[in-house]
Amino acid sequence: MNKILEKEFFSPQVFRMKVEAPEIARKRKAGQFVIIRVSDAGERIPLTIADANASEGWIELVVQAVGKTTTDLSKLSPGDSLHDLAGPLGRPTHIEKHGTVLMVGGGIGIAPAHPIAQAMKAAGNTVVSILGGRSKELVIMEEKMKAASDEVIIVTDDGSYGMKGMVTDAIQKLIDEGRKIDLVIAIGPPVMMKFVSLLTKKYDIHTLVSLNTIMIDGTGMCGGCRVSVGNESKFVCVDGPEFDGHLVNFDEMMQRLSMYRDQEKESIDHACKLGLR
Amino acid sequence: MEKKELTNKERLAIPPQKMPEQGPKERIGNVNEVPYGFTEEMAVAEAERCLQCKNAPCIKGCPVEVNIPVFIKFIAERKFREAVAVIKETNVLPAVCGRVCPQEEQCQKPCTVGKSLKSVDKAVQIGKLERFVADWEMNQAGSESPSIKPSTGKKIAVIGCGPAGITVAADCRRAGHEVTIFEALHKPGGVLAYGIPEFRLPKKIVGREVDNLVSMGVELRTNMVIGKIYTIEELMAEGYEAVFVGTGAGLPMFLNIPGENLNGVYSANEYLTRANLMQAYSFPNTDTPIARASNVAVFGGGNVAMDSARTALRLGAKNVYLVYRRSHEEMPARKEEIHHAEEEGVQMNLLQNPVRFIGDDKGWVKAVECLRMELGEPDDSGRRRPVPIKGSEFTIDVDVCIVAIGNASNPLIPHTTPDIQTNKWGNIIADPETLKTTKKGVFAGGDIVLGAATVILAMGQGRKAAQAINEYLATGAW
């Protein structure tokens with residue numbers, strides 16, 4: 001059983017959870033994810049690993065309670081256990097010295113960006129991180145990202161913290177300033193990754209995005225997570241989760257993410273009716 | 001009361017017993033198993049049809065060589081416990097095999113009774129008898145665990161808790177080894193859990209077989225994706241002296257035609273996994289959704305295609321079209337499955353092949369365009385090759401499509417174990433008799449070696465592998 005060691009809310013919906021998982025903590029690399037289930041009737045959902053400590057035997061997950069499973073997860077407390085935890089899954093980020101790496105994290109996408117920033121810095125890169133959120137409270141893990149970066153730029157939609165605007169505005173500003181960027185890694189809402197990729201394509205800056213699609217097994221068995229990358233179908237679970245942002249068909253991916261929108265609502269309503277929340 | 005021995009003529013005169021089953025209209029409204037099973041009287045009558053041939057052609061037809069005439073004789077004598085014990089000498093999953101084995105291609109095919117009556121359909125129904133005694137045993141209190149030899153202190157890792165892995169685990173544990181099964185999913189059973197539907201193989205049967213393994217002292221670790229959490233090399237460094245890879249053929253093939261990533265287009269693996277493993281048929285009482293559709297097209301002609309089509313009916317589809325590019329005769333599915341599917345109202349769209357999926361403005365599949373086919377010369381498989389008829393395009397209105405055209409082998413283990421050789425299809429190369437791979441101490445069997453095959457062939461390989469593993473651990477000779 002994987003016991004929950006700590007839980008902390010960043011905002012009413014966004015929280016981090018430290019989970020006992022010594023084997024995964026030892027093995028995981030930046031860019032990898034896990035699949036969890038909260039109950040015996042529960043769905044399998046992928047969550048990216050935000051942090052881990054091999055000697056203490058834990059991993060950290062950062063989650064936004066939006067659907068049934070993530071909401072159920074948000075109700076668990078330290079001392080409770082996850083019903084199931086499998087991982088680490090997916091291919092680790094390819095870490096090497098590129099020069100300047102621009103990490104772009106939007107919302108809870110900042111969490112998976114964190115271990116990648118750490119690894120890129122350790123490999124000798126200059127790491128510049130752009131952290132974006134709708135408002136100040138949604139810009140998470142600022143201190144950790146500062147520790148993993150040479151420079152941190154904060155952007156909020158409403159201007160309540162840092163620069164007002166979108167992460168793409170901050171990227172544009174760096175480009176306009178003539179900063180040399182060798183690699184962009186963007187992780188966040190699909191629409192953010194789409195627009196970051198469109199922008200960097202104009203300037204021919206190699207860009208990686210980390211995708212979080214609907215998955216079941218996470219081992220390549222079901223194919224539910226497939227996306228079109230450069231007109232080829234790829235499985236996010238085993239071929240990804242990172243792909244060349246200039247080749248990903250984001251519109252198709254967003255469509256596929258909406259496949260069960262009605263049922264997601266039904267699932268939550270059903271739980272409400274039963275008085276489960 | 002002394003019972004007179006029947007003559008062969010009298011035995012041949014006993015009609016094949018018909019197993020009662022749920023009617024087609026009733027059963028598409030539930031997920032319960034279709035055939036109810038034999039009563040004791042039926043089983044005994046069926047068993048009396050067996051001629052007890054000295055040369056026992058049926059045994060040669062069985063991949064795990066169950067001593068068929070002996071167990072059937074015990075049934076005829078109402079010695080059911082003895083009957084099941086005979087089966088279990090060579091087959092750890094009788095309740096599963098009695099249900100899903102293609103007996104008409106195996107043990108029942110060479111049956112003398114069938115041959116005498118000039119129809120394999122009239123052979124002794126060995127599979128149904130196997131199911132009967134296995135179910136009988138399950139309903140008895142305190143079934144016996146097989147005897148286990150004193151501990152050898154040697155550790156074996158079995159990767160994948162499907163039919164091959166379960167067989168290896170049981171046979172190696174009996175020899176006194178410490179066996180750990182590593183299963184990637186949260187539930188054991190492999191294809192028996194995620195693939196084969198409840199109405200064909202109730203999950204409580206699979207659960208019970210796995211419980212038996214655990215009570216024999218086999219350690220089961222779920223949620224362990226080997227290749228990721230540990231490589232095979234790392235397992236061996238942890239003290240596992242032999243490793244069996246039985247990870248299955250888990251990589252779905254797609255049609256590679258336009259529109260295949262539209263919403264509503266599933267691989268059969270995904271569709272069946274949602275329905276079976278994740279119990280989406282109980283949604284919203286369970287959390288995993290599945291698209292509920294009125295018009296469903298399934299592509300393929302094998303057992304998995306039949307399972308998908310019949311699952312779609314149970315999920316409320318009004319029209320289910322099974323689109324197959326050859327004719328009825330070439331369908332690789334079991335006759336019984338095709339019959340059940342047709343009975344339930346699956347519409348057979350034969351000699352048709354999909355060429356593209358058409359989506360609506362929300363990205364959801366709304367139609368599939370197909371071409372009509374005709375049969376040409378036989379191809380490499382010996383079946384007549386389907387050839388498209390030019391200009392025969394037409395569309396079928398659908399809201400869900402299921403692609404059931406087979407599986408390639410899952411690359412997770414081969415990719416992380418470079419010294420295990422694979423063939424051009426990605427299947428692990430293993431010696432057909434010992435199931436030894438190219439890496440010392442590592443054996444492999446089931447679909448990862450065979451490509452997509454059957455439960456019983458996987459078990460047959462598991463038996464051979466277990467024997468070879470036990471030998472290897474005793475002698476150290478590779």
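For segment A:96-205, the fraction of C-alpha pairs more than 21 angstrom apart is 27%.
Note on chain A: Cα-only Rg and Dmax are 18.1, 58 Å. Across segment B:178-288, counting alpha-carbon atoms alone, Rg and Dmax equal 16.7, 51 Å. Along the charge dipole of segment A:96-205, pointing to its positive end and built from +1/-1 on Cβ of Lys, Arg, Asp and Glu, which listed residue (A:200, A:153, A:163) has its Cα farthest out? Looking along the dipole axis, the top candidate is A:200.
The base-10 log of I(q)/I(0) for segment A:211-277, evaluated at q = 0.18, 0.22, 0.24 Å⁻¹, reads -0.69, -0.87, -0.96 [Debye formula, identical scatterers on Cα atoms, solvent excluded]. Just the number, please: carbon plus sulfur as a percent of the accessible area of the protein assembly as shown, 1.4 Å probe, no ligands or DNA/RNA counted. Of all accessible area on the protein assembly as shown, carbon and sulfur atoms account for 51 percent.
So if I take the alpha carbon set of segment B:320-421, get Rg, then get Rh from the Kirkwood formula, what is the Rg over Rh ratio? We get a ratio of 1.07 for segment B:320-421.
Taking 21 Å as the straight-line reach from the Cα of residue B:366, the lysines in range (excluding those fewer than 8 positions away in the same chain) are B:318.
The distance from the alpha carbon centre of segment B:366-400 to that of segment A:155-212 is 47 Å, rounded to a whole number. Within the straight-line cut-off of under 22 Å between alpha carbons, the lysines reachable from residue A:265 are A:68, A:75, A:273, B:362, sequence neighbours fewer than 8 places apart in one chain being disregarded. A 1.4 Å probe run over the protein assembly as shown, with the rest of the protein chains in place, finds 41 Å² accessible per residue. Against the main long axis of the alpha-carbon atoms of chain A, helix A:190-202 sits at an angle near 20°.
Backbone phi angles across segment B:292-297, fed through the Karplus curve with coefficients 6.51, -1.76 and 1.60 (θ = phi - 60°), yield HN-Hα couplings of 8, 10, 8, 10, 10, 10 Hz in residue order; Gly and Pro are listed as x.
Distances between placed amide hydrogens fall under 5 Å for residue B:366 paired with B:358, B:359, B:360, all partners being 5 or more residues away or on another chain. Prolate is the label for segment A:43-107, because the ratio a/c of its alpha-carbon gyration tensor axes (a ≥ b ≥ c) is 1.5 or higher and a/b is greater than b/c.
Among the protein heavy atoms, those of residue B:364 account for about 60 Å² of accessible surface (1.4 Å probe, every chain in place). The figure for residue B:257 is an accessible area of roughly 30 square angstrom, using a 1.4 Å probe on the protein chains alone. For segment B:32-71, the set of trypsin sites (Lys or Arg not before Pro) satisfying both a DSSP loop assignment and a count of at most 12 other C-beta atoms within 10 Å is given as B:54.
Angle between the Cα long axis of helix A:261-273 and the longest principal axis of chain A, 0 to 90 degrees, nearest 10? It works out to around 40 degrees.
Calculated [222 nm] ellipticity per residue, helices only, for the protein assembly as shown: -9000 deg cm²/dmol; basis is -39500 (n - 2.57) per DSSP H run with n ≥ 4, divided by all residues, nearest 500. Computed over segment A:1-155, the quotient of the alpha carbon radius of gyration and 2.2 N^0.38 Å is 1.02. Run the Debye formula on the Cα coordinates of the protein assembly as shown, all scatterers equal and no solvent, and tell me log10 I(q)/I(0) at q = 0.05, 0.09 1/Å. These q points yield log10 I(q)/I(0) values of -0.28, -0.88. Ranking B:218, B:181, B:129 by Cα position along the charge dipole of the protein assembly as shown, where only Lys, Arg, Asp and Glu carry charges on their C-beta atoms, puts B:129 farthest toward the positive end.
Backbone amide hydrogens, once placed in the peptide plane, bring residue A:207 within less than 5 Å of A:184, A:245, A:246, excluding anything fewer than 5 places away on its chain. Stokes-Einstein diffusion for segment B:238-389 at 37 °C, viscosity 0.692 mPa s, with a Kirkwood radius from C-alpha pairs, works out to 193 µm²/s.
Taking every C-alpha pair closer than 8 Å and separated by at least 6 residues, the mean separation divided by the residue count of segment B:329-399 gives a relative contact order of 26 percent.
Accessible surface buried at the B:A interface totals approximately 3800 Å², computed with a 1.4 Å probe on protein heavy atoms. State log₁₀ I(q)/I(0) for chain B at q = 0.09, 0.10, 0.11, 0.13 Å⁻¹ as given by the Debye formula over alpha-carbon point scatterers of equal weight, solvent excluded. With no solvent term, the Cα-only Debye profile gives -0.65, -0.80, -0.97, -1.29. 3J(HN,Hα) couplings calculated from phi for segment B:425-440 with the Karplus curve 6.51 cos²θ - 1.76 cosθ + 1.60 (θ = phi - 60°) are, in sequence order, 8, x, 6, 6, 7, 9, 4, x, 8, 9, 6, 6, 8, 7, 10, 4 Hz; Gly and Pro show x. To the nearest 10 square angstrom, how much accessible area does residue A:171 have with a 1.4 angstrom probe? Accessible surface of residue A:171 is approximately 0 Å².
Using a/c under 1.5 as the rounded threshold, could you call segment A:175-247 rounded, prolate or oblate? The axes a ≥ b ≥ c are square roots of the C-alpha gyration tensor eigenvalues, and prolate needs a/b larger than b/c, oblate otherwise. Note, shape of segment A:175-247 comes out prolate. Temperature 4 °C, viscosity 1.567 mPa s: under these conditions the Stokes-Einstein estimate for segment B:69-119, based on its Kirkwood radius over C-alpha pairs, is 107 µm² per second.
Quick one: check the C-alpha center-to-center distance for segment B:448-463 versus segment B:275-311, whole angstrom. So the separation of the two Cα centres works out to 25 Å. Just going by the charge dipole of segment B:337-384, with Lys and Arg at +1 and Asp and Glu at -1 on Cβ, which of B:345, B:363, B:381 is farthest out on the positive end? Of the candidates, B:363 comes out farthest on the positive side. Overall, segment A:96-205 carries a charge dipole of about 140 debye about its Cα centre when +1 sits on the Cβ of Lys and Arg and -1 on the Cβ of Asp and Glu, all other atoms neutral. Principal semi-axes of the equivalent ellipsoid, √(5λ) from the alpha carbon gyration tensor of segment B:8-138, are 22, 17, 15 Å from largest down. Summarising the amide proton neighbourhood of residue B:184: residues at separation of 5 or more, or on other chains, whose placed amide H is nearer than 5 Å comprise B:160, B:161, B:224. Spatially, segment A:50-109 and segment B:112-177 are offset by 42 Å when compared through their Cα centroids. Around the Cα centre of segment A:2-89, unit charges on the Cβ atoms of Lys, Arg, Asp and Glu (plus for the first two, minus for the last two) sum to a dipole of about 200 debye.
Basic side chains Lys and Arg get +1 at the Cβ, acidic Asp and Glu get -1 at the Cβ, and with that the dipole of the protein assembly as shown about its Cα centre reaches some 940 debye. When a/c reaches 1.5 or more, the comparison of a/b and b/c decides; with that in mind, is segment B:30-77 rounded, prolate or oblate per its Cα gyration tensor? Judged from the Cα gyration tensor, segment B:30-77 comes out oblate (a/c at least 1.5, b/c at or above a/b).
The values are calculated or read from the model by the stated rules, or taken from the named source; none is laboratory data. The shown structure was predicted, so the numbers you read here are calculated from the model rather than taken from an experiment. In this analysis, Cβ positions are derived from the backbone assuming ideal geometry, glycine residues included, and neighbour counts consider all displayed protein chains. Calculation scope for accessible area: heavy atoms of the full protein, side chains included, ligands and nucleic acids excluded. Shrake-Rupley method; radii C 1.70, N 1.55, O 1.52, S 1.80 Å.
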